[in-house]
Amino acid sequence: MIASLSLLCVAAAILLVGPRLASAPWTRQAPRVAIFAWQALTISAVITVVLAGVTLLIPITALAGDLGAVVHACAMSVADAYGESELLPGKLFGAFLAGALPMWLLICGVRVLGGGWWSRRQLRRSLSLITETDAGLGISVIETPAPAAFCLPGRSAQIVVTRGALSNLSSCELDGVLAHEAAHLRGRHNLAVALSQILARAFPRVRLFQVATRETRQLIELLADDAALQRVDRVNLASAIVSLAEMKAPAAALAMAQDAAVLRVSRLLSPEPPLNPWRYRVAVVGALTVVVAPLLIAGYPAVCAALSDICNIP
């Protein structure tokens, strides 16, 4: 019971304090670590609640034994709950957290990932009818005067640019756009967005997951900008973002200038110094701690029981 209460307190702290990460200035300096931190916070919040359910449902010390001991502990836990009515609510609550919650997440995951796959499939079919391949640039071109550029992730990944963008962008600006979109595809940034969307869809009223989705979308754009700067200078990349600021892209795609355009241009034209190495390490260790701490809290009784058994072996 103590482990369950401790885990629920940790989960509550993550849900309440986690959204404050959005105001941390270092996230703009190290977007890769910031994405990892958001994933750690959201995943840890879910894991902590599920582990709290597990510790309510069965004695966690049983995990120190073999499979038979675990099954026996589950059977005894159920028998005790039905034998003593005051234990039944806690066991039912534990069963809900440990069973129904993961099942709901699985359902939401299938809906989000399946819906994304279907949307991209339909978009690819539509694009195949209206695009021409530019073998030199390795892109698909839409014959429309409106400037736009986006990429379509997946097994048949492609970068799509309109004729208007090719006409309005300089060669350096175009190189920056293509490098930006290639970074999205190479880094599989759509997976980070999909993870945040699954949790936001599963728990639409939980602020942490809503903020994490918004921040993840912005941070992947900053990360792709950093990759594009290896090919072009800051001014040309910022100019390309401004030129494409009014673009409209399909929801299934990752667009060049549709998210956080003002923040990105400001960050490019007024760059901040890189994050200090020690602060970088602290951020990584902090994110890892958020994930590992619930596991340690839940497993501590089992570890103690296992050590006790080892010490008592003649």
Selection within region 122-132 - surrounded by 14 or more Cβ atoms within 10 Å (Cβ to Cβ), in a helix (DSSP H, G or I) and not aliphatic (A, V, I, L, M): Arg124
Residues satisfying the stated conditions in region 133-156, i.e. of a type in the set (A, V, I, L, M) and surrounded by 15 or more Cβ atoms within 10 Å (Cβ to Cβ): Ile139, Val141, Ile142, Ala148, Ala149, Leu152
Residue ID - surrounded by the fewest Cβ atoms within 10 Å (Cβ to Cβ), chosen from residues in region 182-211 that are in contact with a Pro (Cβ under 8 Å, 6 or more places away or on another chain) and of a type outside the set (Lys, Arg): Gln210
Counted residues, region 225-255 - those being at pLDDT 90 or above and farther than 14 Å from Ala179 by Cα: 5
Count - residues of region 27-45 that are open to solvent by 20 Å² or more (accessible area, probe 1.4 Å) and either farther than 30 Å from Val265 by Cβ or more than 18 Å from the chain's Cα centre (by Cα) (or both): 2
When residues of region 46-64 are limited to those that are modelled with pLDDT under 70 and open to solvent by 40 Å² or more (accessible area, probe 1.4 Å), the one nearest to Ala98 (Cα to Cα): Pro59
Residues of region 222-234 classified as open to solvent by less than 10 Å² (accessible area, probe 1.4 Å) and not acidic (Asp, Glu), total: 3
Output for region 145-186, where each listed residue is in contact with a Lys or Arg (Cβ under 6 Å, 6 or more places away or on another chain) and either aromatic (Phe, Trp, Tyr) or within 18 Å of Ala245 (Cα to Cα) (or both): Asp175, Ala179
Any hit, region 166-173, residues being assigned to a loop (DSSP other than H, G, I, E, B), free of Cβ contacts under 8 Å to residues at least 12 places away in the same chain and open to solvent by less than 60 Å² (accessible area, probe 1.4 Å): no
Answer from Ala22, Ala34, Ala3 - the residue that is of a type outside the set (D, E, K, R) and within 20 Å of Arg201 (Cα to Cα): Ala22
Condition check for Leu195: closer than 30 Å to Arg20 by Cα and touching a helix residue (DSSP H, G or I) at 6+ places or on another chain (Cβ under 7 Å): yes
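To keep it simple, each residue is scored yes or no on (1) at pLDDT 95 or above; (2) closer than 23 Å to Asp225 by Cα; (3) not hydrophobic (A, V, I, L, M, F, W, C).
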site	(1), (2), (3)
Arg124	no, no, yes
Leu129	no, no, no
Thr133	no, no, yes
Pro145	no, no, yes
Ala148	no, yes, no
Ala165	no, yes, no
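Here is a yes/no grid of residues against (1) surrounded by fewer than 21 Cβ atoms within 10 Å (Cβ to Cβ); (2) over 25 Å from the mean Cα position of the chain (by Cα):
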position	(1), (2)
Ile220	no, no
Asn236	no, yes
Ala240	no, yes
Leu244	no, yes
Met247	yes, yes
Ala252	yes, no
Ala261	yes, no
Val285	yes, no
The one condition in (1) touching a Phe, Trp or Tyr at 6+ places or on another chain (Cβ under 8 Å); (2) among the hydrophobic types (A, V, I, L, M, F, W, C); (3) under 19 Å from Pro274 (Cβ atoms) that Leu237 fails to fulfil: (1)
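The values are calculated or read from the model by the stated rules, or taken from the named source; none is laboratory data. Everything numeric here is computed off the predicted structure, so don't read it as measured data. With ideal geometry, Cβ positions are generated from the backbone for all residues, glycine too; neighbour counts draw on all protein chains shown. Remember, those area values only see protein heavy atoms, side chains included, never the ligands or the DNA or RNA. Shrake-Rupley method; radii C 1.70, N 1.55, O 1.52, S 1.80 Å.
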